[in-house]
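What follows is one structure encoded as structure tokens, with my remarks underneath.
The values are calculated or read from the model by the stated rules, or taken from the named source; none is laboratory data. From a predicted model like this one, the values you see are computed outputs, not experimental measurements. Here the Cβ positions follow ideal geometry from the backbone for every residue, glycine too, while neighbour counts run over all protein chains shown. SASA here: full protein model, heavy atoms, side chains in, ligands and nucleic acids out. Shrake-Rupley method; radii C 1.70, N 1.55, O 1.52, S 1.80 Å.
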Amino acid sequence: KMNKIELSNFEVSNSSKLTVIAGLNVLETEEQAIEVANTLKKVTSELGNPLVFKASFDKANRSSVDSYRGPGIKKGLEILKNLKSEGFDLITDIHEINQVEEVAEVVDVIQIPAFLCRQTDLIKAACETNKPLNIKKGQFLSPEQIENIILKCKNFGNEKIMICERGSSFGYNNLVVDMLGMSKMKELNNPIIFDVTHSLQLPGAQGDSAGGRSKQALDLALSGVAIGLAGIFIEVHPNPEKALCDGPSATKLDEFEGFLRKVSEVDNLIKSF
């Protein structure tokens, strides 16, 4: 049967109106997080798309030891708690088992990073919170291999699983998105989320950090939602050139409305058939 995931007042499924998981790659300041969250809320409310606000408190897999990683779990969860009190649905990623319990108290959805999607003990700990999980599909996995991860989660008693496509490794420093692969993953009947932002990455292309192709975000998003997906994942920033992490892939905050308007219209059309 088609797996539907219930959040505060909406459901996430491949047949429901497009859920938007959007926010910052990594938390920088609380003021910025509030500004971004409120702007996203305004746009998504106008267009009738459910919003889950995303921001990381730590980027544990940066290219370089000198890269900015975030404010850390204590300060990061404080910022997210404040957003929670304003009524936002939240998602953030975990990297270690000892983060799971603390994070689960604050967020609505727990995200498993792509590089960790096969870490059985981490998956088990996340499943045991009984929270919905957004599991990023590793750049190194085929669409068919995702079934093993879903079965792992079911074995640990959690069927509230979203699978997130974020591109596949294509030689060195490049990613491609396999649209037929996403179509194939839909057969597993779990909500499919398309991480447009990270699919635009050129991993490690700048030597000590990732490059990106943010100008192509709209083309990629339109192609993805044409398949009929549960949601898109998009990272924004008021000034991507000054972003402390992954700026080259981020969408400029003031361009988000135009972007989502087009993407949402295609989604509405596809789901009206």
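For Leu7, the amide hydrogen comes within under 5 Å of the amide hydrogens of Val12, counting only partners 5 or more places away or on other chains and with H modelled in the peptide plane. Fraction of C-alpha pairs exceeding 19 angstrom in the stretch 55-158: 44 percent, rounded to a whole number. Applying D = kT/(6 pi eta Rh) to the chain, where Rh is the Kirkwood radius over alpha-carbon pairs, T corresponds to 4 °C and eta to 1.567 mPa s, the Stokes-Einstein value obtained is 71 µm²/s. Each Lys and Arg Cβ is given +1 and each Asp and Glu Cβ -1; about its Cα centre, the stretch 1-101 then shows a dipole of about 260 debye.
Based on the reciprocal of the average 1/r between different C-alpha atoms, the Kirkwood radius for the stretch 232-273 equals 11.4 Å.
First compute the accessible area of the chain with a 1.4 Å probe, then give the percent of it belonging to carbon and sulfur atoms.
The nonpolar share, carbon plus sulfur, comes to 49 percent.
In the stretch 1-92, the C-alpha radius of gyration followed by the widest Cα-Cα span (Dmax) gives 14.6, 47 angstrom.
DSSP beta bridges confined to the chain are antiparallel in about 15 percent of cases. When the C-alpha to C-alpha distance is required to be over 29 Å, the pairs from Lys75/Lys186; Lys81/Lys136; Lys184/Lys252; Lys4/Lys252 that qualify are Lys75/Lys186; Lys184/Lys252; Lys4/Lys252. Accessible surface computed residue by residue for the chain, with neighbouring protein chains in place and a 1.4 Å probe, gives 43 Å² per residue.
Take 151-161, 123-133, 74-84 and order them by the average number of nearby Cβ atoms within 10 Å per residue, most first; the result is 123-133, 74-84, 151-161.
To the nearest 500 deg cm²/dmol, what mean residue ellipticity at 222 nm is calculated for the chain from DSSP H runs of n ≥ 4 alone, each contributing -39,500 (n - 2.57), summed and divided by the residues? Mind dumping the intermediate values first?
On the way: 9 runs with 92 residues, N = 273.
Computed ellipticity for the chain at 222 nm equals -10000 deg cm²/dmol.
Charge dipole (Cα centre; +1 on Lys/Arg Cβ, -1 on Asp/Glu Cβ; no other charges) of the stretch 1-53 amounts to roughly 420 debye.
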